[in-house]
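To start, the structure itself, in structure tokens.
The values are calculated or read from the model by the stated rules, or taken from the named source; none is laboratory data. All figures in this text were calculated on a predicted structure; none of them were measured in a lab. Here the Cβ positions follow ideal geometry from the backbone for every residue, glycine too, while neighbour counts run over all protein chains shown.
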Amino acid sequence: MIEVLNYLIHHIFTEQTLDDTIIFFIFLISLSIAFIFLYLFRKKKRWRRKVFLRKSLNNFIGEIAICESETELKEVFSNAEYQRVLLQFQQNESDRNLLISELSETTKKFRGSTIENILWLFEKMDLKKQLLKNLENKKWHKKAKAIQQLSYLQQKDCTNIILPFTNHENDLLRTEAQIALVKMTGFEGLEFLSKVTYPVSEWQQLRLIEELSSNACTSLGNIHQWLKSENISVVNFALRLIEIYQQFDFYEEVKSCLTHSSMMVCNNAVLTISNISNEKTADLLVAHFGDYDAFIQIKILKILQANGSGTQLPFLFSILNHPDDSYKLEAAKAILKISDTGMLTIEELIDRNSFPWNVILPQIKNVA
């Protein structure tokens, strides 16, 4: 062992070898530091250029935005100073993307003729080619940004290009494509619901409804098909649309959803049908009462408080014997809403001095 150590010291780890190793590592460290400084220098240089270009562009976009005719637009566009600004944006792809970003951001802030002027500039600069090129990028976030910008810049002729992305495996890319279609074409954009296989989340549904809020509801497309979709989230969204836009013509379709295999769909169907109800709805809900879980059953009892009639009183009186006190409470409230003599009948059927009625009765009397 000692002989091996002596050999290593005298033949491998010599003083010259150690010096060479130290010099090598110093060189590596110096090279790394130089690379970091070069990277930071180039990054700062790009940032300064971006700030300069954006500042130069703001005045130009401001002038374009306030033009009142195409003649004015052409005069501003042909201005020698602004032409020098625009020439800078033609130098490389990064600059063109910056121009596209500025134009799309501007459309988010304004309405009317200002947007028309921005779209005129977008077409004049022939920037759609760059956006479509970005859409072919392998990175999903660049695709998503391109789709978003196409919608802000109202490129409605690109809807067929965007449509396949509405069922993309990437969640964020998929949701941006869905929002883009609705933003550009309103209710027509919901056509993706006929093909989407991935879930449409609750948050996404709210985003879509928000986009639809500025559009007049002329048609809900293939809602018959959506209500029969194997995608549960699509069925739920279709029910929500029927409820929000009071589509009474779809009453029978909603009725068929009351027997859906998914309790979530049943829950939404109960809520929807109560909002487009007719004289038969309360009896219909009572007929299906035993098919549901406790959450939906309590909801039905609350619906009967608003939409019930004397026809449902025998059912409600039977619920007063339910083992769950929350059922008793909601049923008693419904009886009082429906019948003027409801309290007298309740007191005849129960022991008013025993628990839980000694607690429930004071509550419902205060409500009544």
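Key figures for this structure:
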{"quantity": "Residue match in region 280-298 (condition: over 26 Å from I232 (Cβ atoms) and among the small types (G, A, S))", "calculated": "yes"}
{"quantity": "Failed criterion for I350 (all others in (1) within 25 Å of E253 (Cα to Cα); (2) among the aliphatic types (A, V, I, L, M); (3) at pLDDT below 95 hold)", "calculated": "(1)"}
{"quantity": "Sole exception among (1) surrounded by fewer than 18 Cβ atoms within 10 Å (Cβ to Cβ); (2) assigned to a helix (DSSP H, G or I); (3) aliphatic (A, V, I, L, M) for A216, by number", "calculated": "(2)"}
{"quantity": "Members of region 81-137 that are at pLDDT below 85 and of a type in the set (F, W, Y)", "calculated": "Y82, F89, F110"}
{"quantity": "Residue, modelled with the highest pLDDT, within region 219-240, restricted to residues that are aliphatic (A, V, I, L, M) and assigned to a loop (DSSP other than H, G, I, E, B)", "calculated": "L227"}
{"quantity": "Checking F355 against (1) surrounded by 14 or more Cβ atoms within 10 Å (Cβ to Cβ); (2) not in a helix (DSSP H, G or I), the condition it does not meet", "calculated": "(1)"}
{"quantity": "Verdict on L301 being part of a helix (DSSP H, G or I) and either more than 30 Å from K228 (Cα to Cα) or out of contact with any Leu (no Cβ under 9 Å at 6 or more places or on another chain) (or both)", "calculated": "no"}
{"quantity": "Per-region count, region 318-352, residues part of a helix (DSSP H, G or I), within 14 Å of L304 (Cβ to Cβ) and of a type in the set (S, T, N, Q)", "calculated": "1"}
